[in-house]
1. Would you please name the residue that is least open to solvent (accessible area, probe 1.4 Å), looking only at residues in the stretch 559-583 that are of a type in the set (S, T, N, Q) and at pLDDT below 95?
2. Looking at the stretch 346-359, can you tell me whether even one residue there is assigned to a loop (DSSP other than H, G, I, E, B), more than 25 Å from G279 (Cβ to Cβ) and without any contact (Cβ under 8 Å) to a residue 24 or more places away in the chain?
3. What are the pairs, 6+ residues apart or on separate chains, where a residue within the stretch 22-33 that is farther than 15 Å from E103 by Cα and touching a residue at least 60 places away in the same chain (Cβ under 8 Å) has its Cβ under 7 Å from a residue that is more than 9 Å from the ligand (Cβ to nearest atom) and part of a helix (DSSP H, G or I)?
4. If I filter the stretch 40-61 down to residues being more than 15 Å from the ligand (Cβ to nearest atom), open to solvent by 10 Å² or more (accessible area, probe 1.4 Å) and outside any loop (DSSP other than H, G, I, E, B), which single residue comes out as nearest to D114 (Cα to Cα)?
5. What pairs can you find where one residue is in the stretch 280-297 and among the hydroxyl-bearing types (S, T, Y), the other is open to solvent by less than 70 Å² (accessible area, probe 1.4 Å), and their Cβ atoms are less than 7 Å apart, with a gap of 6+ or different chains?
6. Kindly provide the set of residues from the stretch 62-74 that are more than 6 Å from the ligand (Cβ to nearest atom) and assigned to a loop (DSSP other than H, G, I, E, B), ordered by number.
7. Considering only residues that are acidic (D, E) and over 29 Å from the mean Cα position of the chain (by Cα), look in the stretch 394-445 and name the one that is most open to solvent (accessible area, probe 1.4 Å).
8. Is it true that L148 is outside any loop (DSSP other than H, G, I, E, B), closer than 21 Å to P76 by Cα and more than 14 Å from the ligand (Cβ to nearest atom)?
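The values are calculated or read from the model by the stated rules, or taken from the named source; none is laboratory data. Predicted model, so just to flag it, every value in this text is computed and none were measured. Methodologically, a virtual Cβ is constructed for each residue, glycine included, from the backbone with ideal geometry; neighbour enumeration extends over all protein chains shown. In case anyone asks, the SASA skips ligands and DNA or RNA and just uses the protein heavy atoms, side chains included. Shrake-Rupley method; radii C 1.70, N 1.55, O 1.52, S 1.80 Å.
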Amino acid sequence: MAVSIQMRGQIAVVTIDNPPVNATSHAERLGLHNALHQTTQDEAVKAVVLHCAGRTFIAGADITEFGAPPKDPNLPDLLAQIEAAPKPWVAAIHGTALGGGLETALVCHYRIADGAAKLGLPEVTLGLIPGAGGTVRLPRLIAPDHALEMIAGGKPIAAAHALDLGLIDKIAQGNLLDEAISLAEEATKRPTPPALIERPVLAVTSQDTWDSAARKITARARGQTSPIAAITALKNALKLDAPTALAAERALFLELRESDQCKALRHIFFAERAAAQGGKIKGVTAGPLSHIGVVGGGTMGAGIAVACLLAGYRVTLIERNTEAADAGRDRVHSTLDQSLKRGVLTGVAHLHTVENFQISTSYSAISDADLVIEAVFEDMQVKIDVLTALEAAVRPDAILATNTSYLDINVMAAALMRPSRVIGLHFFSPAHIMKLLEIVVTDSVDDQTTATAFAFAMRLKKIAVRAKVGEGFIANRIMSAYRREAEYMLEDGAMPWDIDTAMREFGFPLGIFEMQDLAGLDISWAMRKRLNATRDRTQRYVDIGDKLCEAGHFGRKTGRGYYDYSDNGNARPSAGTRALIMAESQRKGITRVQISDKAIMVRILGRIRSEAAMLLYEGIARCADDIDVVMVNAFGFPRWTGGPMFHASGQD
Ligand code: T1G
């Protein structure tokens, strides 16, 4: 039963039980409507507590219903009826009260939350704005500039912050339901507070706060429309009377719900969750993991160690000598300190993570590890030597993973005694922040190793995408392809800043040349030199990047790459690079032509899709949706397009 009622004295406890996240499906809305009627009619009921079974309070409207014709009762009407209830309603919030869930809590007369609860209006992340009164009621409960940040930013806030803002009345110190019932009993002894909709909008903390928030949101939106719509909706709430503002919100919401961006953002939301199917193998369960070894305490190794510590694992970091071990320890501790400062970790959790961390220069320290990840220098022989030594030091059932970003893992596995326990875990830097994790399966890996790797990724709250072994797996293979296309365009007539501008206009956070200057041109130069002996001489090859590197121009870190960098780090088009490019076109006998922004993006998107088609044909990528997930999460392909494959389908 989606909604049930139990009496606790004179308090009716209305329980929603609609797994997995109590989303306001049609059945749930019907159940709530009946519960409202029943508790209103029943004279024995003096107040109502609304709470949810399972892991969370209502996490929003049921996104799976968006494509279907709406069914009454619709949420805005149902919430207005609850708000007008003659008896006090208390929302008891645990887990995440999001979207329509928080809007439901807003029409209750009181709100009490568990200390670990989060509250938010993330509709903009789905290309929407709150559609059940959130933009009108929230600025009547908390300062409108804080409401603007919550609604246009879409990020949930912690219960403690919600209490500070006045969004909730209390944080439960003990049992949430018991304390909600006590709050309801107290509410019966005093006049019910006026509904939010009957209250005036609160004053903006300061016009400067509002203006700077609006400017930041507009800049951050790039090409996404919903954050801008959120600003419009909040401005309406400030200047219009409540009923008019509600009607304006609903109209804007319905318009956005039919938009391409909303369809695209719903696509990527579900595609990210479906990617985990890559690790679901019939009849196979993941093995237990508690002690994780990481070999190599450089940037990647330390980031991986922190990611595992934040997930609650015991972690041992191995380095080759004391000096390197001390440096690795410092990297891990400083990253954990930053996590503490950013509020990702509480003080107690920070203590636990530090206690869970040890460092050693001996493989004997990881003899009982369940999984060991090597993150050493990107050289095949170095990795094989490390994996061979590891295999001798760990349990036979331990999993050995490599963080290589493009080396052939089949070759590594073939060098070991137990190749079935070898898998690729390709993290993206910074490893403790980037959500994407490519899980690279070899020809010899066993199913339990694969299933365990996906379970590990879920515990790290990563978006895991399955890939087969192949040059660059999925992300780097596609990026190398459109980087080559962009380099061809340099010889054909464009400058790096033309191409980067076109990519930013399309919605990328950075253009391909800005990104390379940031990462360091020497990284791809090293790979090109490694592959030079076997490079296909019939394929067009652009020397511009090599010539920049041969002159010591590695990008931002050397003050010059495709761009020149001033001392304060500002990039500007480089006259030297312009001259180099012009000379290269002339040397190759290419007559340069003007290439428009649109033509630049046609060539880049075309290259991305043709490489994606090859990945699907070769079986390296599981499905087109996985490629969308990789490109959105690895290189910032604009999320509101749904990713390169979804975006292409919309254009056909
Ligand atoms: N509708 C339908 N299914 C949902 C859902 C939703 N809102 N949220 C999650 N699921 C499914 C998800 O597909 C997955 O299914 C399972 O639940 C677990 O999710 C009127 C219109 C709540 C923080 O945007 O942020 O309200 O794969 O893997 O990591 O103004 O889910 O197991 O079959 O993500 O623990 C606003 C979206 C909607 C919240 C839990 N709400 N969800 O994270 O589990 S619009 C949201 C989340 C709205 C109103 C408007 C997260 C989570 P399956 P999960 P998780």
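1. S566
2. Here is the first cut: in the stretch 346-359, the residues assigned to a loop (DSSP other than H, G, I, E, B) are 346, 356.
Now narrow it down to the ones that are more than 25 Å from G279 (Cβ to Cβ): 346.
Right, trim to without any contact (Cβ under 8 Å) to a residue 24 or more places away in the chain and you get 346.
Within the stretch 346-359, one or more residues are assigned to a loop (DSSP other than H, G, I, E, B), more than 25 Å from G279 (Cβ to Cβ) and without any contact (Cβ under 8 Å) to a residue 24 or more places away in the chain.
3. Once the first residue is farther than 15 Å from E103 by Cα and touching a residue at least 60 places away in the same chain (Cβ under 8 Å) and sits in the stretch 22-33, no partner that is more than 9 Å from the ligand (Cβ to nearest atom) and part of a helix (DSSP H, G or I) comes close enough.
4. H51
5. Hits for this filter: T285/A451; S290/Y313; S290/D370.
6. Keep residues of the stretch 62-74 that are more than 6 Å from the ligand (Cβ to nearest atom), which gives 65-74.
Matches in the stretch 62-74: F66, G67, A68, P69, P70, K71, D72, P73, N74.
7. D443
8. When the stated conditions are applied, L148 passes them.
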